[in-house]
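This report concerns only the one structure given below.
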Amino acid sequence: MSKFDWTKKSTAGIAILFLAMAVAQAQENRTFVSVGGDDANNCRQATPCKTFQGALVKTNPGGEIDVLDSGGFGAVNINKAVTIDGSGVVAGALATSTVKQKLPPWLAAGWGSTIGFQ
């Protein structure tokens, strides 16, 4: 094998590695929802999602979903620890949890999850 072939294969391998790492990092620590959003978006502040469920799929465990404006953002099944923050706006959701522990009714959002609306 010539030196050129080895360099070309190494470069291709490194490119594939970086691409795989980028796909693995596709979720965000902080996502956003807005009544004018679209769940096909990446849920960043400039391009928010429309529903809590759409944002939840794109939010890392332990992350936060922020509400940009007042509205209803659909049903959400919370299956990981997240914070949904609607501070300063009027936001509505129907939240359920897949947590397997018995929780008090006031913690219906799920273990490690919080929903904050003021």
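The values are calculated or read from the model by the stated rules, or taken from the named source; none is laboratory data. These figures come from a predicted structure and were not determined experimentally. Cβ: placed from backbone, ideal geometry, glycine included. Neighbour counts: every protein chain shown.
Set side by side, the residues Gly37, Gly110 differ, and just one is modelled with pLDDT under 70, in contact with a strand residue (DSSP E or B) (Cβ under 6 Å, 6 or more places away or on another chain) and assigned to a loop (DSSP other than H, G, I, E, B), which is Gly110.
Quick check, is Lys80 modelled with pLDDT of 85 or more, surrounded by 13 or more Cβ atoms within 10 Å (Cβ to Cβ) and in contact with a Leu (Cβ under 9 Å, 6 or more places away or on another chain)? Yes, satisfied.
When you check Gly74 against the structure, is it touching a helix residue (DSSP H, G or I) at 6+ places or on another chain (Cβ under 7 Å) and surrounded by fewer than 22 Cβ atoms within 10 Å (Cβ to Cβ), yes or no?
yes
Within the stretch 27-71, restricting attention to residues that are out of contact with any Pro (no Cβ under 6 Å at 6 or more places or on another chain) and of a type in the set (Val, Ile, Thr), the residue that is surrounded by the most Cβ atoms within 10 Å (Cβ to Cβ) is Ile65.
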